[in-house]
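Chemist: Okay, here's the structure, questions in a sec.
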Amino acid sequence: MNDDSSLTEEELALHIRLRGLRREHADLDAAIEALGATAVPDQLRIARLKRQKLSLRDEIVKIEARILPDIIA
């Protein structure tokens, strides 16, 4: 990763957003794990959380692509 001093304001904002999304993704993962470990898991709630987690993952991938675009050599 770049040194924070060499990042533009937009890049810094993207890095901050990316960290937040990754944290949220990990929190959802923990919540899904905890719900799955209950005696009678709420399958509908787990499915909703998984969809939300996939949506976050898509957003993470888009931001990562903006930060590190593919370079065709």
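Chemist: Would you work out if the chain is rounded, prolate or oblate? Take a ≥ b ≥ c from the square roots of the eigenvalues of the alpha-carbon gyration tensor; rounded if a/c is under 1.5, else prolate when a/b is larger than b/c, oblate otherwise.
Modeler: Verdict is prolate for the chain.
Chemist: Now, a different point. Given a Förster distance of 25 Å, report the FRET efficiency between ALA39 and ILE60 from their Cβ-Cβ distance, rounded to the nearest 0.05.
Modeler: It comes to 0.15.
Chemist: Then there's this: Positive end of the dipole of the chain, charges at C-beta (+1 Lys, Arg; -1 Asp, Glu), about the Cα centre: which of ILE63, ALA26, LEU14 has its Cα farthest in that direction?
Modeler: Positive-end residue among those listed: ALA26.
Chemist: Can I ask one more? Let me check I've understood the local charge: for GLU33, count other residues with C-beta under 14 angstrom from its C-beta, Lys and Arg +1, Asp and Glu -1. What total comes out?
Modeler: Summing Lys and Arg as +1 and Asp and Glu as -1 gives 0.
Chemist: At ILE67 and GLU24, where each label point lies 7 Å from the Cα along Cα→Cβ, what is the point-to-point distance in nanometres?
Modeler: 1.5 nm
Any read-out appearing in this document is the output of simple, stated calculations on the displayed coordinates, not a laboratory observation. Everything numeric in this text was worked out from a predicted model, so none of it was measured. Note: ideal-geometry Cβ built from the backbone for every residue, glycine included; neighbour counts use all protein chains shown.
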